[in-house]
Amino acid sequence: MFIVPRSTGVAFLAETISLTDDKLSNRPRLQPLRVPAETRLMAVVRIESRKPHRVPATQVAVEVLRAMEWPRVAVLQIDYDATLSERGFYRDLLTEIRHRLPPAVLLEMTALVSWCSGDDWLRGLPVVDAVPMFFRMGVDQHAVTEQLREPLCQSGIGISTDEYFREIPRHRRVFVFHPRSWTESDYRAILREQMK
């Protein structure tokens, strides 16, 4: 994943955490991350759950915060498609992470489009931004220009190269996901499209 220009740095997947029953497992990033020394980084932690799980939010927070071991991380983003029954856990997790993070590090989250357009549960969460993901939405396709009511969902948008959208609002950061390994030609094609 990368963030196209009009952004403040590079986002990278730091680790994936899986929750099953009362067990937590993690897959750390194995590929090297090569970016210029002055690059500001956004560490992304993906959380996947096999319902129901009983892993305490405090235990998950400790694992999430391992992402801060990467140098120059200025933003921590949590990517978790929490179900309705997991929202209390997710709220507790974000609160615990924010409490443990250095004050200068921003906390963000990804969001389902429905959380931003017709659902008020994001209100009061201790995050500075929620990025709606406009891909892998099945039959419930949404236009990226639709009205997102939630104030937290106004500054960014997530798209994928294999479900590419045009007419993306210019005032937003654009997180671009790619289902295969990135190549320079892939990168340049996305830049050209975003600069139109």
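Counting only strands (runs of 3 or more DSSP E) that sit completely within the stretch 16-101, those holding 2 or more residues that are more than 19 Å from the chain's Cα centre (by Cα) correspond to 23-28, 41-53. All conditions in (1) at pLDDT 75 or above; (2) loosely packed, with under 15 Cβ neighbours inside 10 Å; (3) part of a loop (DSSP other than H, G, I, E, B) hold for Leu148, with the sole exception of (2). Checking each residue in the stretch 1-60 for being modelled with pLDDT of 80 or more and β-branched (Val, Ile, Thr) picks out Val10, Thr16, Ile17, Thr20, Val35, Thr39, Val44, Val45, Ile47, Val55, Thr58, Val60. Pairs are defined by a Cβ separation below 7 Å, a sequence spacing of at least 6 or placement on different chains, a first member in the stretch 50-79 that is under 17 Å from Asp21 (Cα atoms), and a second member that is in a loop (DSSP other than H, G, I, E, B) and among the acidic types (Asp, Glu); the pairs so defined are Arg54/Asp22; Val55/Asp22. Count of the stretch 164-196 residues, restricted to those that are in a helix (DSSP H, G or I) and modelled with pLDDT under 70, is 2. For the stretch 13-46, the set of residues classified as closer than 25 Å to Arg173 by Cα and in contact (Cβ under 8 Å) with a residue 40 or more places away in the chain consists of Ala14, Glu15, Met42, Val44, listed by residue number.
The values are calculated or read from the model by the stated rules, or taken from the named source; none is laboratory data. All values reported here derive from a predicted model rather than from experimental measurement. Cβ coordinates were reconstructed from backbone atoms using ideal geometry, including for glycine residues, and neighbour counts include every protein chain displayed.
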